[in-house]
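The values are calculated or read from the model by the stated rules, or taken from the named source; none is laboratory data. Being a predicted model, the structure only gives us computed values, none of them experimental. Cβ sites come from the backbone with ideal geometry, for glycine too, and all protein chains shown count toward neighbours. To get the accessible areas, we keep the full protein, side chains included, count just its heavy atoms, and leave off ligands, DNA and RNA. Shrake-Rupley method; radii C 1.70, N 1.55, O 1.52, S 1.80 Å.
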Amino acid sequence: MKATFWGTRGSIPSPSTEETPTHGYGGDTTCVSVAWAGDNLLILDAGSGLRQAGRHWHQAGRKSFTFLFTHAHWDHLQGFPFFAPAFCQDVTIHIYSPRLPGAPAGNLIEKALHAQQSEPFFPAGFPQLRARIAFHEIDPSQPLDLSSSSGNLTVRSTAVTHPGGCLAYRLEHDGKSLVFATDNEPQPSADSPLVKMAAGTDLLICDGQYTEEEHKHRRGWGHGTPALCLKEAAFAGARRLIITHFDPSHSDSLLGEMEEEIKRSPEARKLPVSFARQGKTIDC
Ligand SMILES: [Zn+2]
Ligand SMILES: [Zn+2]
């Protein structure tokens, strides 16, 4: 599997400015694609990073897309109205998303994508998209089989700690695994459902939005710190940790300091840790 980060930012897109440069780590919100078994592709979340990803795949002539959504917060949906392939008649899109506990009846992501792409928020309504789009709800208690003729892909999920609910996913293909745990306030312990699901994973992608100082004032907001992510990864026995979902106010220089600091921690000697960078691909 190869994971490409099209968006690494949390909360809201953060274009680079003179005052707060962000181009080094990236200013677009969450979107990660996972390529597996040749030409297969799974897209995790549709933050603003999806716009550039869509242009790339459109130019390459790709006609089939599978999305997996973690939850319905804006920074994970807002790229979809700018996803060029969705406007093409010869494109097929499958969208998988969680059935969150306590959510009202109906497919949460289907409703959210229609709502954000409607008047008065957006001129071209969701029904005007010309691609064939199918929505599917995930039961977190059951593994999801997304295998194709060229290989097997199994997706497991678990609820994580985030206001309104959110799912983390474990993708397994060809003896390798990748866990995507964005928008989670880590609860590092051996009993944590995420730690159990991420046991022994080859790559854990984790939300380390805040500095330790910021987190003191934002407990319960549903995001972590690099140190909490590293503790969680160590409990899980993960082989590699990538931190993402950066705070919109964090400049490249602050993120660089945070990355150097976490790399110096004792746990990082056994468990390689780094920060995601928009546009970069990680082998798993
Ligand atoms: Zn988010
Ligand atoms: Zn969120």
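Considering each residue of the stretch 66-82, count those that are touching a residue at least 40 places away in the same chain (Cβ under 8 Å) and either open to solvent by less than 60 Å² (accessible area, probe 1.4 Å) or touching a Lys or Arg at 6+ places or on another chain (Cβ under 9 Å) (or both), and give that number. Looking only at that region, the number is 11.
In this structure, Glu212 does satisfy being open to solvent by 10 Å² or more (accessible area, probe 1.4 Å), over 21 Å from Thr30 (Cβ atoms), in contact with a helix residue (DSSP H, G or I) (Cβ under 9 Å, 6 or more places away or on another chain) and at pLDDT 95 or above. Inside the stretch 54-68, can you point out the residues that are in contact with a strand residue (DSSP E or B) (Cβ under 6 Å, 6 or more places away or on another chain) and of a type outside the set (Val, Ile, Thr)? Those that are in contact with a strand residue (DSSP E or B) (Cβ under 6 Å, 6 or more places away or on another chain) and of a type outside the set (Val, Ile, Thr): Ser64, Phe65, Phe67, Leu68. Only one entry in Thr29, Thr22, Thr17 is at pLDDT 95 or above and touching a strand residue (DSSP E or B) at 6+ places or on another chain (Cβ under 7 Å), namely Thr29. In a residue-by-residue description of the stretch 47-70, the property of being within 16 Å of ligand 1 (Cβ to nearest atom) and among the β-branched types (Val, Ile, Thr) applies to at least one position.
Counting only strands (runs of 3 or more DSSP E) that sit completely within the stretch 111-192, those holding 2 or more residues that are away from ligand 1 (no atom under 16 Å from the Cβ) and more than 17 Å from the chain's Cα centre (by Cα) correspond to 132-138. Filtered by the rule that a residue be more than 19 Å from Val34 (Cα to Cα), modelled with pLDDT under 95 and surrounded by fewer than 13 Cβ atoms within 10 Å (Cβ to Cβ), the stretch 127-162 gives Asp139, Ser141, Gln142.
The condition of being among the β-branched types (Val, Ile, Thr) and crowded, with 17+ Cβ neighbours inside 10 Å holds for Ile43.
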